[in-house]
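Colleague: Encoded as structure tokens, here's the structure I'll be asking about.
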Amino acid sequence: MSVHTQQPSVSADNPVQRKAHTVASLLRKKDQGQKIVSLTCYDYSTARILDQAGVDLLLVGDSLAMTVLGHPNTLSVTVDEMLHHVKAVVKGTRHAMVLADMPFMSYQADPVEAVKNAGRFIQEGGAQAVKLEGASERVIQVVRHLVEIGIPVVGHLGFTPQMVNTLGGFKIQGKNLEDVKKLVDGALRLQEAGAFALVLEMVPVEVADLITRKLRIPTIGIGAGNVCDGQILVVDDLLGRYSELTPRFVRQYMNSGALIGEAVQRYAADIQTLAFPDNDTESFAFPVAALPALAQWAAEL
């Protein structure tokens, strides 16, 4: 895969001066034809960099089950594990909206438990919104209830990772007319229930375009073409931390995995050759006046 590079308009030393994003500001972006820039994020230091670089929306995704915790899919991560990372990302964010993924089985089984879990992400975690997958009747009920009590919700249709076993793997969705009708119906029902945005994952461009034009709320695509109102990628994919994972829809903007590996190899080599640390510039010296006393004491040991 080719590596694309682009110069950021801001840096950690020169942050953008802007207001914090809200539900209203993201809805306004759709109305004004401005694209929403989104990335996943799992830790404080990365959140600071992404926030200062001008990202609109940071999703603490349940993808951390794979990228951070090493699981084969997203199903194993728990609410408490997600909360741990949500808190860290919130601490590093001043301008972007922080969106928390509700993990598998945190909202599907019991509507009451779903409300409690969503409330924890807002109250304990400090997130501004939560994201739920699917558009089943139960999910729609949960979305409607959360919105009614003041918790903003983002929907997620197309390939929904928490349904990976039911879907038979990581597969494109919406490839026939019947499935397209279900996607459009689900999108409209989520909008009617009060969701303020919708992630569309791994659906054909034509289907994403149809849904985007049909909805009043913004769509955020991942593997759904540039017709959506915004885009999201897993930050580890964008930065090239996992060279063996190269989905068709991922554009790698740098190969940080190789860069980190090279840096560590240089570090190890410097240790072996005594080039690191430098005793004059990277270490600390004993007071010169006290050196004779130190030498005398050492000789008597």
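Throughout, read-outs are computed from the coordinates displayed, never taken from laboratory work. Nothing here was measured: the structure is a model prediction, and the numbers come from that model. Glycine also receives a Cβ, built like all others from the backbone with ideal geometry; neighbour counts cover every protein chain displayed.
Colleague: First check a/c for region 150-281, with a ≥ b ≥ c the square roots of the eigenvalues of its C-alpha gyration tensor; if it is under 1.5, answer rounded, and if not, answer prolate when a/b is larger than b/c or oblate otherwise.
Modeller: prolate
Colleague: With an 8 Å Cα cut-off and a minimum separation of 6 or more residues, compute the relative contact order for region 137-231 in percent.
Modeller: 28
Colleague: How compact and how long is region 260-299, expressed as Rg and Dmax of its alpha-carbon atoms in Å?
Modeller: For region 260-299, the Cα-based Rg and Dmax read 15.7, 45 Å.
Colleague: Please report, in Å, the Rg and the Dmax of region 61-197, where both are computed over Cα atoms only.
Modeller: Values for region 61-197 (Cα only, Rg and Dmax): 14.8, 44 Å.
Colleague: Let me ask you something else. I want the antiparallel fraction of DSSP beta bridges within the chain, as a percent rounded to 5.
Modeller: Around 5 percent of the beta bridges assigned by DSSP in the chain are antiparallel ones.
Colleague: Hey, another quick one. Please report the equivalent ellipsoid semi-axes of region 229-292, computed as sqrt(5 x eigenvalue) of the Cα gyration tensor, largest first, in whole Å.
Modeller: 44, 14, 6
Colleague: Follow-up question, since we're still on this one. Please express the Cα-Cα pair-distance distribution P(r) of the chain as a list of whole percents, one per 10 Å bin, running from 0 to the bin with the greatest distance.
Modeller: In order of increasing distance, the bins hold 6, 24, 32, 18, 7, 6, 4, 2, 1 percent.
Colleague: What value, in deg cm²/dmol to 500, does the helix sum -39500 (n - 2.57) over DSSP H runs of n ≥ 4 give at 222 nm once divided by the residues of the chain?
Modeller: Calculated from helices alone, the mean residue ellipticity at 222 nm is -12000 deg cm²/dmol.
Colleague: I need the peptides 255-268, 128-141, 107-120 ranked by packing, meaning the mean over residues of other C-beta atoms within 10 angstrom, with the highest value on top.
Modeller: 128-141, 107-120, 255-268
Colleague: Rg (Å, one decimal) plus Dmax (Å, integer) for the alpha carbons of region 75-151?
Modeller: That works out to 12.0, 36 Å for Rg and Dmax.
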